[in-house]
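Visitor: Mind having a look at this structure? Questions to follow.
The values are calculated or read from the model by the stated rules, or taken from the named source; none is laboratory data. Please read all numbers here as calculations on a predicted model, not as lab measurements. Positions of Cβ are backbone-derived with ideal geometry, glycine not excepted, and every protein chain shown enters the neighbour counts.
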Amino acid sequence: MFKTNKMDLDIKKDLVSNWFKLLQDSFCNDINILEKNKIKFKCTNWKKNSKKDEGGGEYRILKGGKVFDKVGVNYSEVYGKFPKNFQKNILGAKKNPRFWASGISVVMHMKNPLIPAMHFNTRYICTTQQWFGGGMDVTPSKKDGLEKKDFHLTLKKMCDAHNKNYYKKYKKLCDEYFYLAHRKEARGIGGIFFDYKKDNFEKDFNFVRDVGVTFQILFNKMIRKKLKKKWTAKDKETQYIKRGRYTEFNLLYDRGTKFGLQTGGNIDGILMSLPPLAKWK
């Protein structure tokens, strides 16, 4: 059992940030294999503050592939103080603005419009309290009931291995979170979403690792299943419209976008989730 002294907290930070970095490498390796190593990621290292050490990260973006129109895999580890106007909104930061945060986020926009856009992120945030957050969801531009069923069954199986209540709870949170209130519509077919997960570090970290591994299994399976399926210009137009909705959500509602901008994150890394081309009508 972990005790809450400074040394143990530093160990926890190292364990989590190292896992996120390992996951970034593993995801990118799989993406390279899907692209048959014919196109490379553009990798950019960045620092939160050029004048003093406040951490930073690396974002990797691949564009114009045979499989991916655009995919971004972003890792970060940042620390410092929250701005005064932001700290009151963060758990454990009202009286002490100091924070540490590490995370990984992935957004996949596919060339084949029959394959859904996919999103994943996990994070660990430390203020005077510490917690995990994250999840995954998919946004198809064309309905596929069997794909949706298989996706959710896989998530339920993974969640049930940890706690029988997790799937129902985190699916509901995902449905509520990924909702475009101004359009009164869901962004996609859901998934799981969790935040402020801080009951037990060891159990919570095990769950977070499983979420990452499950996403890796799922994106490989879903992409390979439809990779060679024929699609039409009409299918692509439908995808562009759906990407417009995706863009609206990320700019209007996404907590990760707001958190990154408020904490001095890298702009290009934060906005990597935006599709390369979207349309409105």
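Visitor: Looking at ASN85 and the list (1) farther than 18 Å from GLY256 by Cα; (2) surrounded by fewer than 17 Cβ atoms within 10 Å (Cβ to Cβ), which single condition is not satisfied?
Guide: Every condition holds for ASN85 apart from (1).
Visitor: Okay, next question. For segment 239-254, which positions are under 29 Å from ILE90 (Cα atoms) and without any contact (Cβ under 8 Å) to a residue 40 or more places away in the chain? So that I can check it myself, show each step before the final result.
Guide: First pass over segment 239-254, keeping only residues under 29 Å from ILE90 (Cα atoms): 245-254.
Listed by number, the residues that qualify are THR247, ASN250, LEU251, ASP254.
Visitor: Out of segment 56-103, which residues are of a type in the set (Gly, Ala, Ser), more than 30 Å from GLU35 (Cβ to Cβ) and in contact with an Asp or Glu (Cβ under 7 Å, 6 or more places away or on another chain)? Outline the logic, then answer.
Guide: Of segment 56-103, the ones of a type in the set (Gly, Ala, Ser) are 56-57, 64-65, 72, 76, 80, 92-93, 101-103.
Retained after the next criterion (residues that are more than 30 Å from GLU35 (Cβ to Cβ)): 80, 92-93, 101.
GLY80 - this is the single residue of segment 56-103 that is of a type in the set (Gly, Ala, Ser), more than 30 Å from GLU35 (Cβ to Cβ) and in contact with an Asp or Glu (Cβ under 7 Å, 6 or more places away or on another chain).
Visitor: Let me ask you something else. Going through ASP14, ASP53 one at a time, which residue ends up being assigned to a helix (DSSP H, G or I) and of a type in the set (Asp, Glu)? Give the steps one after another, and end with the answer.
Guide: Working: ASP53 fails: assigned to a helix (DSSP H, G or I).
Residue meeting the stated conditions: ASP14.
Visitor: Is there any pair with a first residue in segment 134-155 that is within 18 Å of SER105 (Cβ to Cβ) and in contact (Cβ under 8 Å) with a residue 24 or more places away in the chain and a second that is of a type in the set (Lys, Arg) and part of a helix (DSSP H, G or I) whose Cβ atoms are under 7 Å apart and which are 6 or more apart or on different chains, and what are they?
Guide: Correct list of pairs: THR139/LYS242.
Visitor: On to the next question. Say we look at segment 271-281 and pick out the residues that are touching a residue at least 60 places away in the same chain (Cβ under 8 Å) and either surrounded by fewer than 17 Cβ atoms within 10 Å (Cβ to Cβ) or not in a loop (DSSP other than H, G, I, E, B) (or both); which of these is farthest from the chain's Cα centre (by Cα)?
Guide: Only one residue fits best here, namely LEU277.
Visitor: Tell me which strands (runs of 3 or more DSSP E) are completely within segment 92-201 and hold 1 or more residues being under 24 Å from PHE249 (Cβ atoms) and out of contact with any Gly (no Cβ under 8 Å at 6 or more places or on another chain), or say none if there are none.
Guide: Numbers: elements: 98-110, 117-126, 130-139, 191-197.
It comes to 98-110, 117-126, 130-139.
Visitor: For the subset of segment 202-242 comprising residues that are among the polar types (S, T, N, Q) and more than 17 Å from the chain's Cα centre (by Cα), which member is farthest from ASP14 (Cα to Cα)?
Guide: First, pick out the residues of segment 202-242 that are among the polar types (S, T, N, Q): 206, 214, 216, 220, 232, 238-239.
If we keep only those that are more than 17 Å from the chain's Cα centre (by Cα) as well, we get 206, 232, 238-239.
Details: ASN206: 15, THR232: 47, THR238: 43, GLN239: 40 Å.
Only one residue tops the list, namely THR232.
Visitor: With the structure loaded, tell me whether MET118 is modelled with pLDDT of 95 or more, crowded, with 22+ Cβ neighbours inside 10 Å and within 25 Å of TYR246 (Cβ to Cβ) or whether it fails that test. Reasoning before the result, please.
Guide: On the way: modelled with pLDDT of 95 or more: yes; crowded, with 22+ Cβ neighbours inside 10 Å: yes; within 25 Å of TYR246 (Cβ to Cβ): yes.
Answer is yes for this residue.
Visitor: Residues in segment 160-174: is at least one out of contact with any Asp or Glu (no Cβ under 9 Å at 6 or more places or on another chain), under 21 Å from LYS21 (Cα atoms) and not acidic (Asp, Glu)? Lay out the reasoning, then the answer.
Guide: So in segment 160-174, the residues out of contact with any Asp or Glu (no Cβ under 9 Å at 6 or more places or on another chain) come out as 160, 163-165, 168-172.
Those left that are additionally under 21 Å from LYS21 (Cα atoms): none.
No, every residue in segment 160-174 fails to be out of contact with any Asp or Glu (no Cβ under 9 Å at 6 or more places or on another chain), under 21 Å from LYS21 (Cα atoms) and not acidic (Asp, Glu).
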